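Inspection log for the structure reproduced underneath, given as structure tokens.
Computed from the coordinates by the stated procedures, all read-outs in this text should not be read as laboratory data. Small disclaimer: the values here were computed from a predicted structure and weren't measured. All Cβ positions, glycine included, derive from the backbone under ideal geometry; neighbour counts span all protein chains shown.
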Amino acid sequence: MTIAETLSVASTTPDLSIVIIDDHPLAARGVCAAFAEAGVEATSAAPAQTTAGQVANTNHSPGSSVDTTFLATDANIALVDLSMGPEPDAGCDYARRLSAKGVSVLMLTGVEDQRRLDACIAAGAEAVLSKALPLDEIVSKVLQHWAGEPLLSVAERAEIVNRHSSDARDRRDLEQRLDSLTVREREVLCQLVEGHNVSTIAVENFVAECTVRTQVKSLLRKLQVSSQLEAVALAHRVGS
């Protein structure tokens with residue numbers, strides 16, 4: 001969409017309002033200013049941390065100290081960052097909650113991990129925009145979306161959701177395998193992940209090498225892998 005087309009869409013969408021949900025104020029203000037230049041109302045909001053013992057009339061996520069009253073927005077479109085505050089994927093939860101209210105959610109993030117971005121689409125976000133894009137291109141893509149030109153086709157979205165579902169199933173399977181390990185086997189696996197060999201593990205834990213080798217054989221069987229390298233790779237996949 002050209003700049004002229006962008007301005008044309010903006011001039012014919014007086015009811016369009018946008019909220020930028022980002023815990024980096026400078027970045028949010030820059031995006032707001034870019035929309036203002038195109039004649040579109042945009043405001044910024046962010047999750048606010050509350051301190052221990054603080055009493056406030058706020059809406060908090062379960063088990064969280066984050067004020068989420070900003071989710072009560074009347075905006076048509078929300079541009080949501082993925083990593084905010086202490087939770088690296090807080091934006092994914094916000095996308096789910098906002099889309100359930102009928103807000104059109106676009107992720108605006110610097111995160112490049114495809115698995116995490118897929119989770120956002122599966123949660124209800126309609127597309128992902130990179131913060132590396134020029135501001136005028138971000139504005140253009142948002143207005144293109146508002147004008148009814150989807151940034152993701154139905155087929156692309158279905159592919160992402162299916163990939164996310166498959167990854168989630170695989171992850172649950174791996175987690176179940178890890179849960180089958182004894183406490184001692186998990187400790188040995190952690191030491192393998194840290195790069196220790198069987199001899200070192202035996203010395204550090206004051207046990208015979210044959211004992212550690214038995215524990216390694218047991219954890220390999222439970223994890224359904226044939227080598228220590230595969231076991232370490234599996235642990236990394238679950239921990240990623």
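Here are the numbers for this structure:
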| item | result |
| --- | --- |
| Local net charge near Arg184, Cβ-Cβ under 14 Å (Lys/Arg +1, Asp/Glu -1) | +1 |
| The range 208-240 versus the range 66-144: alpha-carbon centroid distance in Å | 38 Å |
| Average Cα contact separation per residue, the chain, under 8 Å, 6 or more apart, as relative contact order % | 14 percent |
| Selected from Lys141, Lys101, Lys217 as most flexible by GNM, with the chain as the system and alpha-carbon contacts under 10 Å | Lys217 |
| Bins of 10 Å from zero: percent of alpha-carbon pairs in the range 64-126 | 23, 58, 19, 0 |
| Dipole moment magnitude, nearest 20 debye, the range 136-240 about Cα centre, only Lys, Arg, Asp, Glu C-beta charged | 520 debye |
| Reach of Lys131 by Cα under 15 Å, taken over aspartates and glutamates that are not fewer than 8 positions away in the same chain | Asp22, Asp23, Asp81, Glu112, Asp113 |
| For the chain, built as a Gaussian network whose Cα springs stay under 10 Å, the top-fluctuating residue of Ser104, Ser44, Ser180 | Ser180 |
| Mean separation of Cα contacts under 8 Å (6+ apart) over length of the range 180-239, as relative contact order % | 38 percent |
| Loop GluC sites (Glu not before Pro), the range 189-240 (other Cβ atoms within 10 Å of the site Cβ: 13 or fewer; DSSP) | Glu194 |
| Structure-based [θ]222 nm, the chain - -39500 (n - 2.57) summed over DSSP H runs of at least 4, per residue, nearest 500 | -16500 deg cm²/dmol |
| His24-Lys101 pseudo-label distance in nm [points 7 Å out on the Cα-to-Cβ vector] | 2.4 nm |
